[in-house]
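Each reported figure results from applying straightforward, stated rules to the coordinates on display, with no laboratory input. Just so it is clear, the model here is predicted, and its values are computed rather than measured. Please note: Cβ atoms are built from the backbone with ideal geometry, for glycine as well, and neighbour counts cover all protein chains shown.
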Amino acid sequence: MAESSERVRNTLVVRKPCYGLPTGCPQCLAAYLYLKLAQVPFAVDYHLNYPDSDKIPYFEAGDYVAYDNEKGGLIESLKKDVVDIDLGLSSLADWTPMKVMLTTWLADALAYELWVGGDSSSAYNIYYSGLPWPIGKFLFWKQAHLLKLQYGVTKDNAEVKEEEIYSRANSAYDALSTFLGGQNYFFENRPSSLDAIFLAHALVVLQALPETSVLRTKLLEHADLVRYLQKCKTELIDADPSPSSDPPFPSDASSSASRAHSNWSKIFSGPWFKA
Amino acid sequence: MAESSERVRNTLVVRKPCYGLPTGCPQCLAAYLYLKLAQVPFAVDYHLNYPDSDKIPYFEAGDYVAYDNEKGGLIESLKKDVVDIDLGLSSLADWTPMKVMLTTWLADALAYELWVGGDSSSAYNIYYSGLPWPIGKFLFWKQAHLLKLQYGVTKDNAEVKEEEIYSRANSAYDALSTFLGGQNYFFENRPSSLDAIFLAHALVVLQALPETSVLRTKLLEHADLVRYLQKCKTELIDADPSPSSDPPFPSDASSSASRAHSNWSSKPKTRKPKREKTKEEKTFRRRAKFFLVAQAVAVLLFLTHISGRYEAEAELDDDYEGSGYDD
């Protein structure tokens, strides 16, 4: 069990921060936001070696350690061993279908955008920027190749598949928007792990992808979701920008500065907000 | 546009029937059930060549043809061009999440069971039974290999992955059961394409998989779903067993007869870790035995033939020392 006493320090180890986010990787950010929503005090540490490792994110507290590649993911371990904010929610009829949609259609769309469909700079900044260039290039290619295999993307059907991936993401955003309505959270107006998962996905889409990204554009068209994202970002990320000492990274000055500002949150009044 | 006049005949082309179902393949069965739920009259035809083709199922009506590998699947084309029974449903908040769950976690579990986790006989009967044995074997292996890649199954994590796949399927069945409750259909108590998709999945699970299948056992534990399946099967399949003339297939007598009844019984058994290998070994031993028997028969025939010749020659030639020879 993890105790938040001074003898035992809860530490979440994640990939490096970028694009104005405490960590640029959606899986790491989801675990980060889960702990924030659960109001568990924790420090953040950064793992610089083996960025390709599927153990990251992981959580340590004294002798206890939980890796992301165990037992269905880090959040499941946190629910089991630290605190479960989903009590009473996972038996709702909508819960599993929503979870599946977030972890398949939406996760696939973001992975596609990072490694296959868009330019590669976002993926490089999030996952490979600490590595020598040839190694980063190889790891990027390896992941892109694996994803094309999993999605069944070939040279012949690339356009059709891309269309399908974006269309599915848009349907998912439609469903989430309808489901959220005017609530503060998706389920029973209280925070859950699915809020953490969607928030992580959406914040990476909005802040790490270029403005030309189709996925980003589609997300911005859903006003209810944008409102929800603005509110949660203010409460969970902007309110407490550095939970630990400043990380020793050269800031991705040009890329993160231009996107770190919540200029996507000003679209309500901006000229490019489409009602 | 497809018209159901007598000049234009709607035809759904599917994989062969088996296990007491009009077609054994879940994608084909889903399209079949969609047309049934939509009350569109149609004939059924069977495609025997290229069973590996992802064009099947396809739908023809006069000049119009829609293949399954176009535009998001055959059902989407039918909704667009023939009749859409989902009107008003697809904008519901639950619709897309449910559809995703059916087409990912549940579809993956059945595919896993057919090609990776269970014995291979169900997949063979559904997809490859018309083909010469080596070709069927190759196509089966190819699909199994692709699925293991997609699911990230390796020798090290096979057990963990399998556990995860079954656990996800069970969560999906739980959610569907809660969602269905006491209704006759999943959405607003009226039939939809998601009913067709789930029915197809579940009927194949119940009738094509062996009683020892974990997936089948988990489905049978959900009483609400079983009740729904029995009712729909009676209305949509048993009520109209052969929509066209009897298909010219040898019936899979032993397998289909025992599973065609709606009293789906379950015999959960602890699965042995190397079942698939044992099954393959059995097949190999059976073939080897047959080969040896054939050899023995050939040898016996040859010896009989030779002894016959000797006797004939002995009769003809009186100079031989004796009628007998050393046995």
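What distance in nm separates the simple spin-label points at residue B:239 and residue B:157, each placed 7 Å from Cα in the Cβ direction?
4.6 nm
Scan the stretch B:91-173 for trypsin sites (Lys or Arg not before Pro) in coil per DSSP, keeping those whose Cβ has at most 13 other Cβ atoms within 10 Å, and list them by number.
Answer in residue order: B:155.
Given R₀ = 60 Å, what would the calculated FRET efficiency be for residue B:65 paired with residue B:304, taking r from the Cβ atoms and rounding to 0.05?
That pair, residue B:65 with residue B:304, gives E of 0.50.
How much length is gained on full extension from residue A:92 to residue A:48, taking 0.36 nm per residue of separation minus their Cα-Cα distance?
On the way: separation 44, 0.36 × 44 = 15.84 nm, distance 3.95 nm.
That pair, residue A:92 and residue A:48, stretches by 11.9 nm at full extension.
Please report the relative contact order for the stretch A:4-81, taking Cα pairs under 8 Å with a sequence separation of at least 6, and give it as a percent rounded to a whole number.
Computed value for the stretch A:4-81: 33 percent relative contact order.
Of A:16/B:161; A:79/B:161; A:71/B:148; A:99/B:218; A:36/A:99, which sit over 24 Å apart, Cα to Cα?
Numbers: A:16/B:161 29 Å; A:79/B:161 20 Å; A:71/B:148 19 Å; A:99/B:218 20 Å; A:36/A:99 19 Å.
Cα-Cα > 24 Å for A:16/B:161; rest within.
Would you mind getting the Kirkwood hydrodynamic radius of the stretch A:4-81 from its Cα pairs, rounded to one decimal in Å?
One over the average 1/r among Cα pairs gives 12.5 Å for the stretch A:4-81.
Using modelled amide H (1.01 Å from N, peptide plane; none on Pro or chain starts), what sits under 5 Å from the amide H of residue B:58, excluding residues fewer than 5 places away?
It is B:13, by chain and number.
List the residues whose amide H sits under 5 Å from the amide H of residue A:190, counting only those 5 or more places along or on another chain, with H placed 1.01 Å from N in the peptide plane.
A:185
Hey, can you grab everything whose amide H is under 5 Å from the amide H of residue B:10? Only 5+ residues off in sequence or another chain; H modelled, so Pro and N-termini drop out.
B:43
For residue A:223 and residue A:188, compute 0.36 nm times the residue count separating them, minus their Cα-Cα distance, and round to one decimal in nm. Each step should come with its number before you reach the end.
Working: separation 35, 0.36 × 35 = 12.60 nm, distance 2.02 nm.
Contour length minus the Cα-Cα distance gives 10.6 nm.
Grab the Cα-Cα distance for residue B:164 and residue B:211, subtract it from 0.36 nm times how many residues apart they are, and report the gain in nm with one decimal.
That pair, residue B:164 and residue B:211, stretches by 14.9 nm at full extension.
Would you mind computing, in nm to one decimal, how far apart the modelled labels at residue B:133 and residue A:149 are, each placed 7 Å from Cα along Cα→Cβ?
Here the modelled spin labels are 3.1 nm apart.
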